[in-house]
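Reviewing the structure listed below.
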Amino acid sequence: MELIAKTGVSKNEKIIDIGSGSSVLIDDLIDDGYSNIIATDISQKAMNNTKNRLSETDLQKVTWIVDDLTQPAELQNFTDISIWHDRAVFHFLTEEKDRETYFKLLNGAVKEGGYVIIATFNLTGANKCSGLPVQRYDEKGIAEFLGDNYELVDFFDFDYIMPNGDNRPYVYTLFRRN
């Protein structure tokens with residue numbers, strides 16, 4: 001939420017949350033007055049968990065998309081996104097073709113002057129998550145992935161403590177599209 005606030009975008013601009021799942025980010029955005037939210041995940045069940053927490057009025061502030069980022073059916077249709085938010089999806093894209101598809105979606109969706117927030121396992125983070133291999137990054141690696149059309153605005157390391165007590169080191173990044 002701090003990085004989203006740092007962008008200064010108005011509360012009615014489009015924000016897409018990649019890999020929304022059951023995260024409370026959607027709830028927090030609505031509580032903070034945002035009203036043009038796109039929630040997307042590969043899991044309908046996870047998205048239903050979020051929907052079940054919201055009122056009928058709040059549900060109308062969100063466009064719900066179940067889609068696979070690596071083989072998108074609907075996501076490629078989105079444009080004029082002011083904020084692309086991804087916490088913990090990008091690091092699961094371990095194959096070059098999947099990262100290329102992700103970049104094509106991101107680059108086609110985020111408007112000029114828009115923002116990209118990507119949080120991944122940092123270089124000291126886990127090698128696997130939920131039994132799946134992950135790709136680890138620092139802010140320089142994400143900047144290299146995004147290329148010269150995206151300027152790094154801010155970044156920080158964050159240690160997420162799992163319910164079982166394990167530490168999961170992340171890097172959070174904020175970029176602005178030139």
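The values are calculated or read from the model by the stated rules, or taken from the named source; none is laboratory data. As the structure is a computational prediction, the values presented were derived from the model and not from experiment. When we count neighbours, we look across all protein chains shown, and the Cβ atoms used for this are built from the backbone with ideal geometry, even at glycine.
If you take the residues in the stretch 148-161 that are in contact (Cβ under 8 Å) with a residue 40 or more places away in the chain and not aliphatic (A, V, I, L, M), which one is surrounded by the fewest Cβ atoms within 10 Å (Cβ to Cβ)?
If we take residues in the stretch 148-161 being in contact (Cβ under 8 Å) with a residue 40 or more places away in the chain and not aliphatic (A, V, I, L, M), then ASN149 is surrounded by the fewest Cβ atoms within 10 Å (Cβ to Cβ).
List, please: which pairs have Cβ atoms under 7 Å, are six or more places apart or on different chains, and start with a residue in the stretch 57-69 that is without any contact (Cβ under 8 Å) to a residue 12 or more places away in the chain and end with one that is of a type outside the set (Phe, Trp, Tyr) and assigned to a helix (DSSP H, G or I)?
LEU59/LYS51
Quick one: would you say ALA126 is of a type outside the set (Asp, Glu), under 15 Å from the mean Cα position of the chain (by Cα) and surrounded by 12 or more Cβ atoms within 10 Å (Cβ to Cβ)?
The answer is no for ALA126.
Mind checking which residues of the stretch 81-127 are without any contact (Cβ under 8 Å) to a residue 12 or more places away in the chain and under 21 Å from PRO169 (Cα atoms)?
Passing the criteria: only ASN127.
Please pick out the residue among GLY141, GLY108 that is part of a helix (DSSP H, G or I), in contact with a helix residue (DSSP H, G or I) (Cβ under 9 Å, 6 or more places away or on another chain), on the phi < 0 side of the Ramachandran plot and among the small types (Gly, Ala, Ser).
After applying the criteria, what remains is GLY108.
Give, as residue ranges, the helices (runs of 4 or more DSSP H) completely inside the stretch 1-94 that count at least 3 residues that are among the basic types (Lys, Arg) and either at pLDDT 95 or above or surrounded by fewer than 18 Cβ atoms within 10 Å (Cβ to Cβ) (or both).
Filter on the stretch 1-94 gives 44-53.
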